[in-house]
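Engineer: Could you have a look at this structure, given as structure tokens, before my questions?
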Amino acid sequence: MKNIVILISGGGSNMAAIVNTAKRDNWASRFEARVAAVISNKPESKGLLFAAEQDIPTEVVNHKSFASREEFDEALAKVIDRFEQPGAPVLLVLAGFMRILTPGFVGRYAGRFLNIHPSLLPAFPGLHTHQRALDAGCKVAGVTVHQVTVELDHGPILAQAVVPVLPGDTAELLAARVLAQEHLIYPRAIAELLRKQ
Ligand code: GRF
């Protein structure tokens, strides 16, 4: 069985979309894959409650408990690697995980490490993507699923979805329109990857 480990920091709606799709589309029998754990760096993440309700093991690795980025990443990797199966490395999925990870950590999971970013990369890496898209006068916005590499919000693009920017849009309205697409393309991109493996 291939174990998918999802890292979150907040609401976890992308994580929930992945969990729901995995169940609905029976990833266990189709791909021999399952969401094996949900890990948050924030104890108050609402997504942890959803995961627990789904009987998915949850863990908290609180970044505030560590003196350095390196120590946090090392502790996080230890927890992730508990879900490793012999011959089947974990597929690591960032879903609203709001920490910058060290090159050592990224290298450890290279090639099996995905992120979703709410812009049409390479435009607008980093924070406040929706406001920046509005400020730039973009006529379209969107979302990107990509492989994680050392450079933040870069890496080979696996999937994108485009949404229109509408008259009167605020960052909140645009974010909601983009999020609805995130929930569709992230599970689809993961399924595509599992199918190819
Ligand atoms: C999403 O827009 C994601 O792309 C971004 O943070 C948001 C997280 O939302 N990185 P959720 O926690 O999945 O609901």
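Computed from the coordinates by the stated procedures, all read-outs in this text should not be read as laboratory data. The shown structure was predicted, so the numbers you read here are calculated from the model rather than taken from an experiment. For neighbour counting, all protein chains shown are included, and Cβ atoms are generated from backbone atoms with ideal geometry for every residue, glycine included.
Engineer: Among Asp169, Asp135, Asp73, rank each residue by its count of other Cβ atoms within 10 Å, from fewest to most, as a rough exposure measure.
Structural biologist: Asp135, Asp169, Asp73
Engineer: Could I ask something else about it? How far is it, in nm, from the label point at Gln85 to the one at Arg24 when both lie 7 Å from their Cα along the line to the Cβ?
Structural biologist: 2.4 nm
Engineer: At 0.36 nm per residue, minus the direct Cα-Cα distance, what do Ala67 and Ala171 gain on full extension? Give it in nm, one decimal, please.
Structural biologist: 34.0 nm
Engineer: Taking a threshold of 24 Å on the Cα-Cα distance, which of the pairs Lys139/Lys196; Lys23/Lys139; Lys2/Lys23; Lys23/Lys46; Lys2/Lys196; Lys23/Lys196 fall above it? Walk me through the intermediate numbers first.
Structural biologist: On the way: Lys139/Lys196 34 Å; Lys23/Lys139 36 Å; Lys2/Lys23 15 Å; Lys23/Lys46 20 Å; Lys2/Lys196 13 Å; Lys23/Lys196 19 Å.
With Cα atoms farther than 24 Å apart: Lys139/Lys196; Lys23/Lys139.
Engineer: Quickly work out the Arg195-to-Val140 label distance, labels modelled 7 Å from Cα along the C-beta direction, and quote it in nm with one decimal.
Structural biologist: If labels sit at Val140 and Arg195, their model points lie 2.2 nm apart.
Engineer: For a label point 7 angstrom out from the Cα of Val150 toward its Cβ, which stretches of segment 101-138 have the backbone nitrogen within less than 20 Å?
Structural biologist: From segment 101-138, the list is 101-115, 125-126.
Engineer: Here's a follow-up. Take the alpha carbon gyration tensor of segment 100-197, find the square roots of its eigenvalues, order them as a ≥ b ≥ c, and report rounded if a/c is under 1.5; if not, report prolate when a/b exceeds b/c, else oblate.
Structural biologist: The shape class here is oblate.
Engineer: Hey, another quick one. Assuming R0 = 25 Å, what is the FRET efficiency of Met1 and Ala110, from their Cβ-Cβ distance, to the nearest 0.05? All intermediate terms of the calculation are to be shown ahead of the outcome.
Structural biologist: On the way: r = 22 Å, r/R0 = 0.88.
That pair, Met1 with Ala110, gives E of 0.70.
Engineer: Also, I was wondering about something else. Aspartates and glutamates within cross-link reach of Lys42: Cα-Cα under 12 Å, excluding same-chain residues under 8 positions apart?
Structural biologist: Excluding near neighbours in sequence, the set is Glu59.
Engineer: Right, another one. Pull out a ≥ b ≥ c, the square roots of the eigenvalues of the alpha-carbon gyration tensor of segment 44-104, then state rounded if a/c is under 1.5, prolate if not and a/b is larger than b/c, and oblate in the remaining case.
Structural biologist: In terms of gyration-tensor shape, oblate.
Engineer: From the Cα gyration tensor of segment 1-116, with a ≥ b ≥ c the square roots of its eigenvalues, which class applies: rounded if a/c is under 1.5, or else prolate if a/b is larger than b/c, or else oblate?
Structural biologist: oblate
Engineer: Something else: In deg cm²/dmol, rounded to 500, what helix-only [θ] at 222 nm does the chain give when every DSSP H run of at least 4 residues adds -39500 (n - 2.57) and the total is split over its residues?
Structural biologist: -11500 deg cm²/dmol
Engineer: Taking loop as defined by DSSP and a crowding limit of 15 other beta carbons within 10 Å, which trypsin sites (Lys or Arg not before Pro) in segment 18-113 fit?
Structural biologist: Answer by residue number: Lys46, Arg82.
Engineer: Hey, what's the Kirkwood Rh for the chain if you take every pair of different alpha carbons, in angstrom?
Structural biologist: 17.1 Å
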